[in-house]
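Worksheet for the structure shown next.
The values are calculated or read from the model by the stated rules, or taken from the named source; none is laboratory data. Keep in mind that this is a model prediction, so the values were computed, not measured. All Cβ positions, even for glycine, are placed from backbone atoms using ideal geometry, and neighbour counts span all protein chains on display.
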Amino acid sequence: MDAQTTADRISAILDEVETVIIGKRRTVELVVLGLLCNGHILIEDIPGVGKTMLARAVARSLGVEFRRIQFTPDLLPADITGVSIFNQKTGEFEFRPGPVFTNVLLADEINRATPKTQSSLLECMAEAQVSADGVTRTLPRPFFVIATENPIEYRGTFPLPEAQLDRFLMRLSMGYPTNAEEITILEKQIHSHPIEEVQPVLSSEDVLELQDAVKEVYLEDSIKRYIVSLVEGTRTTDAVTLGASPRGSLALMRCSQANALLNAREYVTPDDVKLVAESVLAHRLILKPDARVKGVRAAQVIRALLTSLPVPVLQEAA
């Protein structure tokens, strides 16, 4: 499969999702890139901007199974992963899979659940498997988690610990639509919701092929050094207590490869790294208290590093 054919297949997903999510092309692209990188996405935004619809539209455009878990303080780990029930007829315990056994999982308002319940997703996200009652069960492929948070409400919430934040490939926000975009949204929903018209354009097997294709995108040595220098910079800048780990480097590499594939290229450029760096790295930084008091944001730290680091010149362009 050549790069252009692959890019066309990715664009087909984007176009289908955009029939529901209006005016958020780059956000949709990043979500799909997360899927192609076999990662998971955290969307942090106010209620009503389309986070749930985005997850549903992605699942419907792929024709895969979709499930939603509404996280609440009384939710238990077994409510997510599944539970063993004693069958009186057979005299044995039978495992009943939880909603995590799906292809696209929406973890809605994940920070409303207790840390114990939040952590039940860690193994699922990292290893694509569930261990219960001494048995390890593999989750379906592809397995893609889209978690959401409401950043304006803190009462009754449990902030995600750094270890779990680091499990998310990217953290995104959607933002308000423009006036023209909001009018289009109204017009599309006068008689029915456009989510009902979304049709599968790829299959789960196609997604697995695209995930393999991402890994084949070429990285020149100078690009590898650029990625490592950027991540190293997050560890040494004065405003940061804890910078990104090697997992951040791996995530930045994979997302850069996926962005190159989206643009019908078989090699990564510095622009690919720049376009995904903020979404991949910002949520992995812990800022110093004095920096937070001064209003410094992690995204600003990433932008400053991108401005200050020398950009490599690819051999082909030399």
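Taking only the range 208-253 into account, find how many residues are in a strand (DSSP E or B) and over 23 Å from the mean Cα position of the chain (by Cα). Full working, then the answer.
First, pick out the residues of the range 208-253 that are in a strand (DSSP E or B): 218, 240-242.
Subset that is over 23 Å from the mean Cα position of the chain (by Cα): 240-241.
Of the residues in the range 208-253, 2 are in a strand (DSSP E or B) and over 23 Å from the mean Cα position of the chain (by Cα).
If you go through the range 254-267 and keep only what is under 20 Å from the mean Cα position of the chain (by Cα) and of a type outside the set (D, E, K, R), you end up with Cys255, Ser256, Gln257, Ala258, Asn259, Ala260, Leu261, Leu262, Asn263. Scanning the range 151-165 for residues that are within 18 Å of Asp74 (Cα to Cα) and of a type outside the set (D, E, K, R) gives Tyr154, Gly156, Thr157, Phe158, Pro159, Leu160. The residue that is farthest from the chain's Cα centre (by Cα), among those in the range 274-290 that are buried (at least 19 other Cβ atoms within 10 Å of the Cβ) and among the aliphatic types (A, V, I, L, M), is Leu287. For the range 112-155, filtering for residues that are exposed (fewer than 12 other Cβ atoms within 10 Å of the Cβ), out of contact with any Pro (no Cβ under 7 Å at 6 or more places or on another chain) and basic (Lys, Arg) leaves 1. Whenever a residue of the range 236-257 is within 22 Å of Val31 (Cα to Cα), its partners that are outside any loop (DSSP other than H, G, I, E, B) and among the hydroxyl-bearing types (Ser, Thr, Tyr), lying with C-beta atoms within less than 7 angstrom and at least six residues away or across chains, give the pairs Ala244/Thr234. Within the range 200-219, none of the residues are of a type outside the set (D, E, K, R) and under 18 Å from Thr52 (Cβ atoms). For the range 143-164, filtered to residues that are touching a helix residue (DSSP H, G or I) at 6+ places or on another chain (Cβ under 7 Å) and modelled with pLDDT of 90 or more, the residue that is farthest from Thr114 (Cα to Cα) is Phe144.
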